[in-house]
Amino acid sequence: MNITSFLIYCFIVTFTPGPTNLVILSTVHNMGTKKAMEYTYGATIAFGLLLVISAILNTMLVTIIPKVLIVMQ
């Protein structure tokens, strides 16, 4: 796995505006900073888990796909 590509992906996805960032801005505006920080912590943890699970599954696929290709041939 190319770590440079992975890190570039992580950087771009982290700082691009998406639904989570828009919800955080809306929460700050409507409910205050404290509630928005709770949501931000949860979103950050969820995103970190998503990256870890994606990396694990990609590593598994890299080891499984060559075996599947042998069977398919």
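Read the figures in this text as sums done on the coordinates, not as results from a lab. Keep in mind that what you see is a predicted model, and the values were worked out from it rather than measured. Cβ sites come from the backbone with ideal geometry, for glycine too, and all protein chains shown count toward neighbours.
Results, tabulated for the structure shown:
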item	result
Over the chain: helical MRE at 222 nm, DSSP H runs n ≥ 4 each giving -39500 (n - 2.57), nearest 500	-31500 deg cm²/dmol
Which label in [x] 11.5, 42; [y] 16.3, 62; [z] 17.9, 60 gives the computed Rg and Dmax of the Cα atoms in Å	[z]
Folded to 0 to 90 degrees: helix 3-15 orientation relative to the chain principal axis, Cα	20 degrees
Per-residue HN-Hα couplings for segment 50-58 [Karplus 6.51, -1.76, 1.60; θ = phi - 60°; Hz; x = Gly/Pro]	4, 5, 5, 5, 4, 5, 5, 5, 5
Efficiency of FRET from Cβ geometry, SER26 and LEU49, R₀ 25 Å, rounded to 0.05	0.60
C-alpha center-to-center spacing [segment 14-36, segment 44-73] in angstrom	31 Å
Listed residues THR27, THR63, THR14, most fluctuating in the chain (Gaussian network, C-alpha, under 10 Å)	THR63
